[in-house]
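K.L.:
Mind having a look at this structure? Questions to follow.
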Amino acid sequence: MTQDLTPKYTVPGIEREAAGRLIGLLRMRLHALNDLHLTLKHVHWNVVGPHFVAIHEMIDPQVDRVRDMADDVAERIAALGGVAQGTPGALVAERTWDDYSIGRADAIAHLGALDLVYTGVIESLRAAIKEAGDLDTATEDLLIGQLRDLEQFQWFVRAHLESAGGTLATEQARTEEEAAGKGAELG
């Protein structure tokens, strides 16, 4: 993103240029969270098979919490003097990842793909935390709290993909389709 996001004003104690960097960083977090909550709803609507009820009901609280995270990030952007771009067009134009690729599928197949989705979201969040930590502890703290919740959600997903011996079915998967296939092998 080459756009200058430096605000005309920001919160006390942060330089405007640093606020602009934070706004850019948070803007990508907002896109990731909006995309994640839509992906989770997609899974909720398209999951089938014998684990349907358990997965269907497990996903909704994750959707609600991820929506709350997006709201918190958008409000932090506004507090820093920026504009929270929450439109689908902005998300699609600026994201660096592809759409979720699994349609109607077995619950365990979706969980295999979601494991990879969560890995991508968590890895990019950890990088954002590192960058935010150099600029603003309040933003860093917000992101750390979200990291804990997202890691817990991935743990819930992985519990369905792990063998009694501790092997994760999706361990070697590189794509959602591959992870879904490995997850389906468990189902």
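K.L.:
Tell me, what % of the accessible area of the chain is carbon and sulfur with a 1.4 angstrom probe?
P.N.:
Carbon and sulfur together cover 51 percent of it.
K.L.:
Whole-Å semi-axes of region 47-110's equivalent ellipsoid, largest first, each the root of 5 times a Cα gyration tensor eigenvalue?
P.N.:
31, 16, 6
K.L.:
Okay, moving on. Hey, if we sort Asp72, Asp35 by accessible area with the 1.4 Å probe, largest down, what's the order?
P.N.:
Numbers: Asp72 60, Asp35 25 Å².
Reading off the accessible areas and sorting them downward yields Asp72, Asp35.
K.L.:
Which order do the peptides 148-160, 93-105 take when ranked by the mean count of other beta-carbon atoms within 10 Å per residue, highest first?
P.N.:
In decreasing order of mean packing, 148-160, 93-105 become 148-160, 93-105.
K.L.:
Would you mind working out the accessible area per residue for the chain, using a 1.4 Å probe, and quoting it in Å²?
P.N.:
Accessible area per residue: 51 Å².
K.L.:
Angle between the Cα long axis of helix 16-46 and the longest principal axis of the chain, 0 to 90 degrees, nearest 10?
P.N.:
Relative to the chain, helix 16-46 is tipped by roughly 20 degrees.
K.L.:
To continue, here is another question. So what's the angle, to the nearest 10 degrees on a 0 to 90 scale, between helix 176-186 and the longest Cα principal axis of the chain?
P.N.:
40 degrees
K.L.:
So, one more: I need the per residue convex hull volume for the chain, using only the alpha carbons, in cubic angstrom as a whole number.
P.N.:
Per-residue hull volume (Cα only) is 111 Å³.
K.L.:
Go ahead and collect, in residue order, the members of region 40-67 whose backbone nitrogen is under 20 Å from a label point 7 Å along the Cα-Cβ direction of Arg104.
P.N.:
Correct set: 40-57.
K.L.:
Can you show me the helix-derived [θ] at 222 nm for the chain, built from DSSP H runs with n ≥ 4 at -39,500 (n - 2.57) apiece and divided by the number of residues, rounded to the nearest 500.
P.N.:
Details: 6 runs with 127 residues, N = 187.
Theoretical 222 nm ellipticity from helices: -23500 deg cm²/dmol.
K.L.:
Could you rank Tyr118, Tyr9 by how accessible they are, 1.4 Å probe, largest area first?
P.N.:
Tyr9, Tyr118
The values are calculated or read from the model by the stated rules, or taken from the named source; none is laboratory data. Note that the coordinates shown come from a computational prediction; the quantities given were computed from them, not determined experimentally. All Cβ positions, even for glycine, are placed from backbone atoms using ideal geometry, and neighbour counts span all protein chains on display. Only protein heavy atoms, including side chains, enter the accessible area calculation; ligands, DNA and RNA are left aside. Shrake-Rupley method; radii C 1.70, N 1.55, O 1.52, S 1.80 Å.
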